[in-house]
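Notes follow once the structure below has been shown.
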Amino acid sequence: MVDDSSDLCSATPSLNSSKEPKRPLDSPSELLKPPKQQRSEEEAGGGGDGMSHNSKAQRYLIAVEYIGTRFSGSQRQPNCRTVVGLLEEAFHKFIGQPVSVTCSSRTDAGVHALSNVCHVDVERISKRKPGEVLPPHEPSVVRRAMNHFLQKCEGDISIVDVRCVPSDFHARFKALERTYYYRLFSGPEPLSTFEKDRAWHISEDLDILAMKKACTILVGSHDFSSFRASGCQAKSPIKTLDELSITETFPSLHFPSLLERSQLESTDGCLIHSEKSGHGSPPSSLDITWVGLQGCNQGFGQKPRHRCYVIAARARSFLYHQVRLMVGVLKSVGTGELTISDVERILNAKTVTAASPMAPSCGLYLGNVKYDLP
(Lines give C-alpha, C1' and ligand atoms only; values in the text may rest on other atoms or scores of the structure.)
Protein backbone atom coordinates (compact mmCIF):
# COMPACT_ATOMS: atom_id res chain seq x y z
CA MET A 1 0.00 0.00 0.00
CA VAL A 2 1.26 3.46 -0.81
CA ASP A 3 1.28 6.47 1.42
CA ASP A 4 -1.66 8.56 2.54
CA SER A 5 -4.94 6.79 1.95
CA SER A 6 -7.94 8.65 3.32
CA ASP A 7 -10.81 7.43 5.43
CA LEU A 8 -12.20 10.81 6.40
CA CYS A 9 -15.14 12.67 4.92
CA SER A 10 -15.03 16.44 4.62
CA ALA A 11 -17.92 18.82 4.85
CA THR A 12 -17.68 19.60 1.13
CA PRO A 13 -20.99 18.77 -0.55
CA SER A 14 -21.04 15.81 -2.92
CA LEU A 15 -21.25 16.56 -6.62
CA ASN A 16 -23.25 13.43 -7.36
CA SER A 17 -26.37 15.50 -7.66
CA SER A 18 -25.10 17.11 -10.89
CA LYS A 19 -27.41 16.68 -13.84
CA GLU A 20 -26.41 13.81 -16.11
CA PRO A 21 -25.87 14.50 -19.84
CA LYS A 22 -28.40 13.22 -22.35
CA ARG A 23 -25.79 12.43 -24.96
CA PRO A 24 -22.09 11.63 -24.50
CA LEU A 25 -19.31 12.74 -26.83
CA ASP A 26 -19.07 10.22 -29.67
CA SER A 27 -17.14 12.12 -32.31
CA PRO A 28 -13.63 13.53 -31.75
CA SER A 29 -14.47 16.33 -34.19
CA GLU A 30 -17.12 17.60 -31.81
CA LEU A 31 -14.42 18.63 -29.35
CA LEU A 32 -12.68 20.79 -31.94
CA LYS A 33 -15.69 23.08 -32.39
CA PRO A 34 -15.64 26.37 -30.46
CA PRO A 35 -17.82 26.24 -27.34
CA LYS A 36 -21.25 27.88 -27.48
CA GLN A 37 -22.34 30.58 -25.08
CA GLN A 38 -23.75 29.04 -21.88
CA ARG A 39 -23.15 25.60 -23.33
CA SER A 40 -24.70 22.94 -21.11
CA GLU A 41 -23.25 19.52 -20.36
CA GLU A 42 -25.94 18.00 -22.58
CA GLU A 43 -24.97 20.24 -25.50
CA ALA A 44 -21.33 19.24 -25.17
CA GLY A 45 -22.13 15.81 -26.58
CA GLY A 46 -22.15 14.60 -30.16
CA GLY A 47 -23.18 11.69 -32.31
CA GLY A 48 -21.34 8.62 -33.50
CA ASP A 49 -19.37 8.28 -36.70
CA GLY A 50 -21.14 5.14 -37.89
CA MET A 51 -18.05 2.90 -37.80
CA SER A 52 -18.32 -0.47 -36.10
CA HIS A 53 -15.36 -2.09 -34.38
CA ASN A 54 -14.76 -4.83 -31.82
CA SER A 55 -16.51 -4.61 -28.47
CA LYS A 56 -13.38 -4.68 -26.29
CA ALA A 57 -12.99 -1.65 -24.06
CA GLN A 58 -9.93 0.56 -24.38
CA ARG A 59 -7.84 0.99 -21.24
CA TYR A 60 -6.48 4.49 -20.71
CA LEU A 61 -3.70 5.55 -18.37
CA ILE A 62 -4.51 9.00 -17.00
CA ALA A 63 -2.23 11.43 -15.15
CA VAL A 64 -4.19 13.84 -12.97
CA GLU A 65 -3.16 16.87 -10.92
CA TYR A 66 -5.20 18.30 -8.07
CA ILE A 67 -5.16 20.58 -5.06
CA GLY A 68 -6.13 18.30 -2.20
CA THR A 69 -7.50 20.94 0.17
CA ARG A 70 -11.19 20.36 -0.62
CA PHE A 71 -10.93 16.63 -1.29
CA SER A 72 -11.57 13.90 1.25
CA GLY A 73 -8.70 11.96 -0.31
CA SER A 74 -8.38 10.14 -3.60
CA GLN A 75 -10.43 6.98 -2.98
CA ARG A 76 -14.16 6.79 -3.62
CA GLN A 77 -16.28 7.37 -0.49
CA PRO A 78 -20.03 7.77 -0.13
CA ASN A 79 -21.20 11.35 0.36
CA CYS A 80 -17.64 12.70 0.11
CA ARG A 81 -15.87 14.75 -2.53
CA THR A 82 -12.99 12.57 -3.72
CA VAL A 83 -10.62 12.49 -6.69
CA VAL A 84 -11.86 9.14 -8.00
CA GLY A 85 -15.46 10.20 -7.44
CA LEU A 86 -15.04 13.32 -9.59
CA LEU A 87 -13.16 11.43 -12.30
CA GLU A 88 -15.87 8.77 -12.51
CA GLU A 89 -18.57 11.42 -12.63
CA ALA A 90 -16.78 13.28 -15.43
CA PHE A 91 -16.32 10.05 -17.40
CA HIS A 92 -20.03 9.28 -16.98
CA LYS A 93 -20.89 12.65 -18.46
CA PHE A 94 -18.38 12.12 -21.26
CA ILE A 95 -19.35 8.62 -22.43
CA GLY A 96 -22.85 8.22 -20.97
CA GLN A 97 -22.15 5.12 -18.91
CA PRO A 98 -20.54 4.36 -15.53
CA VAL A 99 -16.84 3.46 -15.31
CA SER A 100 -14.52 2.35 -12.54
CA VAL A 101 -11.33 4.39 -12.02
CA THR A 102 -8.34 2.73 -10.34
CA CYS A 103 -5.67 4.96 -8.75
CA SER A 104 -1.97 4.15 -8.60
CA SER A 105 -1.51 5.90 -5.26
CA ARG A 106 -3.93 6.75 -2.50
CA THR A 107 -3.66 10.25 -1.11
CA ASP A 108 -5.11 11.51 2.14
CA ALA A 109 -7.50 14.39 2.68
CA GLY A 110 -5.58 17.62 2.06
CA VAL A 111 -2.71 15.97 0.14
CA HIS A 112 -2.01 17.38 -3.33
CA ALA A 113 -0.81 15.72 -6.53
CA LEU A 114 1.36 17.05 -9.32
CA SER A 115 0.76 13.75 -11.11
CA ASN A 116 -1.26 10.89 -9.71
CA VAL A 117 -1.98 8.14 -12.22
CA CYS A 118 -5.15 6.13 -12.78
CA HIS A 119 -6.44 3.63 -15.29
CA VAL A 120 -9.95 3.26 -16.66
CA ASP A 121 -11.63 0.99 -19.21
CA VAL A 122 -13.89 2.77 -21.70
CA GLU A 123 -16.14 1.14 -24.27
CA ARG A 124 -17.40 3.73 -26.71
CA ILE A 125 -21.03 3.01 -27.58
CA SER A 126 -22.90 4.97 -30.24
CA LYS A 127 -25.91 6.92 -29.02
CA ARG A 128 -27.31 7.31 -32.51
CA LYS A 129 -27.28 3.56 -33.06
CA PRO A 130 -27.64 1.89 -29.65
CA GLY A 131 -25.51 -1.21 -29.30
CA GLU A 132 -23.01 -0.19 -31.96
CA VAL A 133 -19.42 -0.04 -30.69
CA LEU A 134 -17.32 2.79 -32.09
CA PRO A 135 -13.53 3.08 -32.35
CA PRO A 136 -11.88 4.29 -29.12
CA HIS A 137 -11.34 8.00 -28.65
CA GLU A 138 -7.83 9.29 -29.21
CA PRO A 139 -6.04 10.13 -25.92
CA SER A 140 -5.99 13.85 -26.79
CA VAL A 141 -9.78 13.79 -27.17
CA VAL A 142 -10.21 12.06 -23.81
CA ARG A 143 -8.03 14.69 -22.13
CA ARG A 144 -9.91 17.64 -23.64
CA ALA A 145 -13.34 16.15 -22.96
CA MET A 146 -12.53 15.24 -19.37
CA ASN A 147 -11.09 18.67 -18.63
CA HIS A 148 -14.23 20.21 -20.15
CA PHE A 149 -16.30 18.54 -17.43
CA LEU A 150 -13.72 18.76 -14.63
CA GLN A 151 -13.36 22.52 -15.01
CA LYS A 152 -16.92 22.78 -13.68
CA CYS A 153 -15.77 21.15 -10.43
CA GLU A 154 -14.32 24.19 -8.65
CA GLY A 155 -11.16 24.23 -10.77
CA ASP A 156 -8.95 22.20 -8.43
CA ILE A 157 -8.44 19.09 -10.59
CA SER A 158 -7.41 18.48 -14.20
CA ILE A 159 -6.06 15.79 -16.51
CA VAL A 160 -2.46 16.42 -17.58
CA ASP A 161 -1.81 13.36 -19.77
CA VAL A 162 -3.61 10.37 -21.29
CA ARG A 163 -2.22 7.26 -22.98
CA CYS A 164 -3.69 4.06 -24.38
CA VAL A 165 -2.30 0.95 -22.64
CA PRO A 166 -2.96 -2.80 -22.90
CA SER A 167 -5.97 -4.18 -21.05
CA ASP A 168 -3.76 -5.88 -18.44
CA PHE A 169 -1.78 -2.73 -17.55
CA HIS A 170 -2.51 -1.84 -13.92
CA ALA A 171 -1.82 1.70 -12.66
CA ARG A 172 -1.01 0.54 -9.15
CA PHE A 173 0.80 -2.75 -9.59
CA LYS A 174 2.85 -1.71 -12.64
CA ALA A 175 4.28 1.34 -10.87
CA LEU A 176 8.07 1.11 -10.56
CA GLU A 177 8.62 4.14 -8.37
CA ARG A 178 6.78 6.94 -6.60
CA THR A 179 8.15 10.34 -5.66
CA TYR A 180 6.61 12.52 -2.97
CA TYR A 181 7.53 16.13 -2.19
CA TYR A 182 6.99 17.97 1.06
CA ARG A 183 7.18 21.78 1.24
CA LEU A 184 8.38 23.56 4.39
CA PHE A 185 8.36 27.33 4.88
CA SER A 186 10.61 28.74 7.59
CA GLY A 187 10.29 32.21 9.09
CA PRO A 188 8.53 34.18 11.82
CA GLU A 189 6.03 35.94 9.56
CA PRO A 190 2.58 34.38 9.00
CA LEU A 191 2.28 32.31 5.84
CA SER A 192 1.10 34.12 2.73
CA THR A 193 -2.54 33.78 1.80
CA PHE A 194 -1.39 32.27 -1.50
CA GLU A 195 0.47 29.49 0.34
CA LYS A 196 -2.26 28.65 2.82
CA ASP A 197 -2.89 24.90 2.87
CA ARG A 198 -0.01 24.39 0.39
CA ALA A 199 2.94 24.10 2.81
CA TRP A 200 3.87 23.54 6.47
CA HIS A 201 4.89 26.79 8.13
CA ILE A 202 7.67 26.48 10.71
CA SER A 203 8.28 29.73 12.59
CA GLU A 204 11.77 28.69 13.80
CA ASP A 205 14.93 28.59 11.72
CA LEU A 206 15.83 25.12 10.48
CA ASP A 207 19.26 23.47 10.68
CA ILE A 208 19.35 22.09 7.16
CA LEU A 209 22.75 20.42 7.50
CA ALA A 210 21.48 18.40 10.47
CA MET A 211 18.34 17.47 8.51
CA LYS A 212 20.49 16.30 5.59
CA LYS A 213 22.48 14.04 7.93
CA ALA A 214 19.24 12.64 9.34
CA CYS A 215 18.08 11.84 5.81
CA THR A 216 21.08 9.56 5.24
CA ILE A 217 20.08 7.42 8.23
CA LEU A 218 16.67 6.66 6.76
CA VAL A 219 17.74 5.99 3.15
CA GLY A 220 17.98 2.30 2.22
CA SER A 221 16.12 -0.86 3.21
CA HIS A 222 14.79 -0.78 6.77
CA ASP A 223 11.98 -1.93 8.98
CA PHE A 224 9.97 1.32 8.98
CA SER A 225 7.54 0.28 11.71
CA SER A 226 8.32 3.54 13.51
CA PHE A 227 7.03 5.39 10.43
CA ARG A 228 3.90 3.33 9.91
CA ALA A 229 0.55 4.67 11.06
CA SER A 230 -2.09 2.43 12.60
CA GLY A 231 -4.44 1.05 9.98
CA CYS A 232 -1.64 0.34 7.51
CA GLN A 233 -2.53 -2.76 5.48
CA ALA A 234 0.94 -3.47 4.07
CA LYS A 235 2.02 -7.07 4.70
CA SER A 236 5.54 -6.06 5.68
CA PRO A 237 7.00 -2.90 7.30
CA ILE A 238 10.24 -3.37 5.36
CA LYS A 239 10.61 -0.81 2.58
CA THR A 240 13.51 0.43 0.47
CA LEU A 241 13.80 4.20 0.48
CA ASP A 242 15.81 5.14 -2.62
CA GLU A 243 16.00 8.84 -1.84
CA LEU A 244 15.29 11.19 1.04
CA SER A 245 16.71 14.66 0.50
CA ILE A 246 16.08 18.28 1.43
CA THR A 247 16.75 21.22 -0.88
CA GLU A 248 16.27 24.95 -0.47
CA THR A 249 14.41 26.56 -3.34
CA PHE A 250 12.57 29.73 -4.22
CA PRO A 251 8.86 29.63 -3.40
CA SER A 252 6.87 28.59 -6.46
CA LEU A 253 4.78 31.77 -6.35
CA HIS A 254 7.75 34.11 -6.69
CA PHE A 255 7.95 37.52 -8.33
CA PRO A 256 11.56 38.78 -8.44
CA SER A 257 12.43 42.15 -6.93
CA LEU A 258 14.35 44.84 -8.84
CA LEU A 259 17.62 43.67 -7.26
CA GLU A 260 16.90 40.04 -8.08
CA ARG A 261 15.96 40.88 -11.66
CA SER A 262 19.30 42.62 -12.15
CA GLN A 263 21.21 39.66 -10.68
CA LEU A 264 19.25 36.76 -12.12
CA GLU A 265 18.71 37.78 -15.71
CA SER A 266 21.16 37.95 -18.60
CA THR A 267 20.85 40.26 -21.60
CA ASP A 268 18.84 37.68 -23.54
CA GLY A 269 16.30 37.32 -20.73
CA CYS A 270 17.46 33.87 -19.57
CA LEU A 271 18.14 32.96 -15.95
CA ILE A 272 21.82 33.22 -15.06
CA HIS A 273 23.66 31.33 -12.33
CA SER A 274 25.95 32.39 -9.53
CA GLU A 275 29.68 31.81 -9.94
CA LYS A 276 30.07 31.16 -6.21
CA SER A 277 29.50 27.41 -6.17
CA GLY A 278 32.20 25.65 -4.19
CA HIS A 279 33.72 22.18 -4.04
CA GLY A 280 34.06 21.99 -7.82
CA SER A 281 30.32 21.53 -8.27
CA PRO A 282 28.50 23.15 -11.17
CA PRO A 283 26.86 26.49 -10.40
CA SER A 284 23.25 26.49 -9.32
CA SER A 285 20.54 29.13 -9.21
CA LEU A 286 20.23 28.38 -5.49
CA ASP A 287 23.78 29.69 -4.91
CA ILE A 288 22.61 33.25 -5.49
CA THR A 289 23.19 35.55 -2.50
CA TRP A 290 19.93 34.55 -0.83
CA VAL A 291 20.85 36.08 2.52
CA GLY A 292 21.48 39.43 0.84
CA LEU A 293 18.22 39.22 -1.06
CA GLN A 294 16.35 38.40 2.12
CA GLY A 295 17.88 41.36 3.87
CA CYS A 296 16.76 43.94 1.30
CA ASN A 297 14.72 46.78 2.72
CA GLN A 298 11.05 45.97 2.46
CA GLY A 299 8.87 48.64 0.94
CA PHE A 300 5.43 49.39 2.29
CA GLY A 301 3.04 46.49 1.59
CA GLN A 302 5.82 43.96 0.93
CA LYS A 303 6.10 40.96 3.23
CA PRO A 304 9.46 39.57 4.34
CA ARG A 305 10.33 36.35 2.57
CA HIS A 306 10.23 32.89 4.06
CA ARG A 307 12.86 30.30 3.29
CA CYS A 308 11.35 27.45 1.31
CA TYR A 309 12.59 23.86 1.56
CA VAL A 310 11.47 20.81 -0.37
CA ILE A 311 11.90 17.30 1.02
CA ALA A 312 11.87 14.60 -1.68
CA ALA A 313 11.11 10.96 -0.84
CA ARG A 314 11.41 8.32 -3.56
CA ALA A 315 10.65 4.57 -3.36
CA ARG A 316 8.68 1.86 -5.12
CA SER A 317 6.01 2.10 -2.42
CA PHE A 318 5.46 3.58 1.02
CA LEU A 319 3.74 2.58 4.22
CA TYR A 320 0.62 4.40 5.34
CA HIS A 321 1.68 7.94 6.41
CA GLN A 322 5.37 7.02 6.13
CA VAL A 323 6.37 10.22 4.36
CA ARG A 324 4.56 12.53 6.78
CA LEU A 325 5.99 10.70 9.80
CA MET A 326 9.53 10.97 8.37
CA VAL A 327 9.03 14.68 7.70
CA GLY A 328 7.86 15.12 11.29
CA VAL A 329 11.12 13.63 12.56
CA LEU A 330 13.24 15.68 10.12
CA LYS A 331 11.52 18.88 11.22
CA SER A 332 12.27 18.05 14.86
CA VAL A 333 15.93 17.59 13.93
CA GLY A 334 15.89 20.94 12.12
CA THR A 335 14.51 22.76 15.15
CA GLY A 336 16.89 21.03 17.59
CA GLU A 337 14.24 18.97 19.36
CA LEU A 338 15.95 15.77 18.18
CA THR A 339 19.54 14.82 17.45
CA ILE A 340 20.95 12.59 14.73
CA SER A 341 21.32 9.76 17.26
CA ASP A 342 17.65 10.21 18.16
CA VAL A 343 16.73 9.44 14.55
CA GLU A 344 18.65 6.14 14.76
CA ARG A 345 16.93 5.37 18.04
CA ILE A 346 13.48 6.05 16.58
CA LEU A 347 14.18 3.88 13.51
CA ASN A 348 15.42 1.01 15.66
CA ALA A 349 12.52 1.27 18.09
CA LYS A 350 10.18 -0.17 15.44
CA THR A 351 7.13 1.47 16.99
CA VAL A 352 5.31 4.55 15.77
CA THR A 353 5.00 5.85 19.32
CA ALA A 354 8.73 6.62 19.24
CA ALA A 355 8.40 9.05 16.32
CA SER A 356 7.70 12.78 16.39
CA PRO A 357 4.20 14.06 15.62
CA MET A 358 3.24 13.55 12.00
CA ALA A 359 3.60 16.46 9.56
CA PRO A 360 0.30 17.95 8.37
CA SER A 361 -1.15 16.86 5.04
CA CYS A 362 -1.13 20.36 3.52
CA GLY A 363 2.57 20.28 2.60
CA LEU A 364 2.58 16.86 0.90
CA TYR A 365 2.52 16.43 -2.88
CA LEU A 366 2.53 13.21 -4.88
CA GLY A 367 5.04 14.32 -7.50
CA ASN A 368 5.44 11.47 -9.95
CA VAL A 369 4.66 7.80 -10.58
CA LYS A 370 7.17 6.05 -12.81
CA TYR A 371 6.33 3.22 -15.25
CA ASP A 372 7.98 1.17 -17.95
CA LEU A 373 5.32 2.04 -20.50
CA PRO A 374 4.68 -0.18 -23.51
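The values are calculated or read from the model by the stated rules, or taken from the named source; none is laboratory data. This one's a predicted model, so the numbers in the text were calculated from it and none came from an experiment. Here Cβ is always computed from backbone atoms with ideal geometry, including for glycine, and neighbour counts include all displayed protein chains. For the accessible areas, the whole protein counts, side chains as well, though only heavy atoms, and no ligand, DNA or RNA atoms are used. Shrake-Rupley method; radii C 1.70, N 1.55, O 1.52, S 1.80 Å.
Would you mind getting me the FRET efficiency between L176 and T247? Use the beta-carbon distance for r and R0 = 22 Å, nearest 0.05. Mind dumping the intermediate values first?
Values: r = 23 Å, r/R0 = 1.05.
Calculated transfer efficiency: 0.45.
Of K213/K370; K213/K331; K235/K331; K303/K331; K174/K239, which sit over 19 Å apart, Cα to Cα? Write out the running numbers ahead of the final one.
Working: K213/K370 27 Å; K213/K331 12 Å; K235/K331 28 Å; K303/K331 24 Å; K174/K239 17 Å.
Pairs exceeding 19 Å: K213/K370; K235/K331; K303/K331.
On the protein heavy atoms, probe 1.4 angstrom, tell me the percent of accessible surface of the range 157-211 carried by carbon and sulfur. Walk me through the numbers before you get to the answer.
Working: 1440 of 2810 Å².
Result for the range 157-211: 51 percent of the exposed heavy-atom area is carbon or sulfur.
Could you work out the local net charge near L176, counting Lys and Arg as +1, Asp and Glu as -1, over the other residues with Cβ closer than 15 Å to its Cβ? Write down the numbers at each step before the final one.
On the way: positive: R172, K174, R178, K239, R314, R316, K370; negative: E177, D242, E243, D372.
With Lys, Arg at +1 and Asp, Glu at -1, the net is +3.
What dipole magnitude, in Debye to the nearest 20, does the range 299-343 give about its Cα centre under +1 on Lys/Arg Cβ and -1 on Asp/Glu Cβ? Intermediate results must be reported in sequence, preceding the final value.
On the way: 7 positive and 2 negative charges, 62 e Å.
Taking the Cα centre of the range 299-343 as origin, the dipole is about 300 debye.
Using a Förster distance of 41 angstrom, determine the FRET efficiency expected from the C-beta separation of R76 and L259, and round it to 0.05.
Numbers: r = 50 Å, r/R0 = 1.22.
Efficiency for this residue pair is about 0.25.
Within the range 164-254, which chymotrypsin sites (Phe, Trp or Tyr not before Pro) sit in a loop by DSSP and count at most 10 neighbouring Cβ atoms inside 10 Å?
Working: sites: F169, F173, Y180, Y181, Y182, F185, F194, W200, F224, F227; in loops: F169, F173, F224.
Of the chymotrypsin sites (Phe, Trp or Tyr not before Pro), the ones in loops of the range 164-254 whose Cβ has at most 10 other Cβ atoms within 10 Å are F173.
Hey, if we sort T249, T339 by accessible area with the 1.4 Å probe, largest down, what's the order?
Values: T249 45, T339 70 Å².
Correct descending sequence by accessible area is T339, T249.
Once the Cα gyration tensor of the range 314-374 is found, what semi-axes does its equivalent ellipsoid get, as square roots of 5 times the eigenvalues, in whole Å, sorted largest first? Let's see the in-between values first.
Working: eigenvalues 134, 38, 22 Å².
The three semi-axes for the range 314-374 are 26, 14, 10 Å.
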